[in-house]
Amino acid sequence: MVLTPVLPAWIEPTDVVRLHVFLAFVILFVLLERLLPGRPHGWQGRATGNIGLQLLNAGLVAGLALTAPISLSAATLYAQFNQWGFFNQLELGLWTRIVIAWIVLDLIAYWWHRLWHLTPLLWRFHRIHHIDDVLDVTTTFRTHPLETVATLLMKAGLVMLLGVPLLGIIIYEVIVATMALWIHANIRVFRPLDRVLGWIVVTPLLHRVHHGSG
């Protein structure tokens, strides 16, 4: 017998938690950009377009969650209730599953990003993120809707294939969203500290090189 999740489709824990944390860090990094700017520039024009893209992408994601429903929460709950996925076949502790899922998700995300750079057709859509004149928090929002939807479908499929615990996907998505804001933020980082952090995480200075604006 096929079981279905007991939560209604419109209750999406990953999206709710991610949204609150995302908005909190947007405010934090906007303030830091004003207090400790890395490079002087204004928001005129470009920020409006970037925010508009974010609203369009958010609307698409919400629409998929409400109508399909397709979301990371729905994927992980469906896999859990139907005992699908790699982790649901093994007797592993919760945090063991979360750590392994983190490594796999992050590795796949890296190669997924490389794919959008290396494939000429995909690059046509991804390049919209790279043609921003300058980098700041709003550059994080600058993603083509097709890439947003494709990435969501890829992640949802991977989550079901692995059987990632709901807590694991919430933690992963929150940290990924926060790091995306951090690496694009136009904030001044003390150079020695940047060199140390660069061995552990991507920093704004390192990410400028990736964008060709180092």
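The values are calculated or read from the model by the stated rules, or taken from the named source; none is laboratory data. The shown structure was predicted, so the numbers you read here are calculated from the model rather than taken from an experiment. Neighbour counts run over all protein chains shown; Cβ positions are idealised from the backbone, glycine included. Please note that ligands, DNA and RNA were not included when accessible areas were found on the heavy atoms of the full protein model with its side chains. Shrake-Rupley method; radii C 1.70, N 1.55, O 1.52, S 1.80 Å.
Miscellaneous remarks
- Residues located in the range 183-204, provided they are open to solvent by less than 100 Å² (accessible area, probe 1.4 Å) and outside any loop (DSSP other than H, G, I, E, B): I183, H184, I187, P192, L193, D194, V196, L197, P204
- All positions within the range 78-121 that are basic (K, R) and touching a helix residue (DSSP H, G or I) at 6+ places or on another chain (Cβ under 6 Å): R97
- Pick from the range 53-100, criterion part of a loop (DSSP other than H, G, I, E, B) and within 17 Å of the chain's Cα centre (by Cα), ranking: farthest from V17 (Cα to Cα): I70
- Boolean, V104 is among the hydrophobic types (A, V, I, L, M, F, W, C) and open to solvent by 30 Å² or more (accessible area, probe 1.4 Å): yes
- Screening W116 on (1) open to solvent by less than 80 Å² (accessible area, probe 1.4 Å); (2) out of contact with any His (no Cβ under 6 Å at 6 or more places or on another chain); (3) assigned to a helix (DSSP H, G or I) shows it passes everything except condition (2).
- Checklist (1) buried (at least 18 other Cβ atoms within 10 Å of the Cβ); (2) under 13 Å from the mean Cα position of the chain (by Cα); (3) among the aliphatic types (A, V, I, L, M) applied to V149, failing item: (1)
- Comparison of A79, A47 shows that the only residue that is farther than 21 Å from I183 by Cα and open to solvent by less than 40 Å² (accessible area, probe 1.4 Å) is A79.
- Residue that is least open to solvent (accessible area, probe 1.4 Å), among those in the range 131-146 that are in a helix (DSSP H, G or I) and over 22 Å from F25 (Cβ atoms): P145
- Where a residue in the range 198-211 is without any contact (Cβ under 8 Å) to a residue 40 or more places away in the chain and its partner, wherever it lies, is open to solvent by 80 Å² or more (accessible area, probe 1.4 Å) and in a helix (DSSP H, G or I), with Cβ under 6 Å and at least six apart: G198/L206
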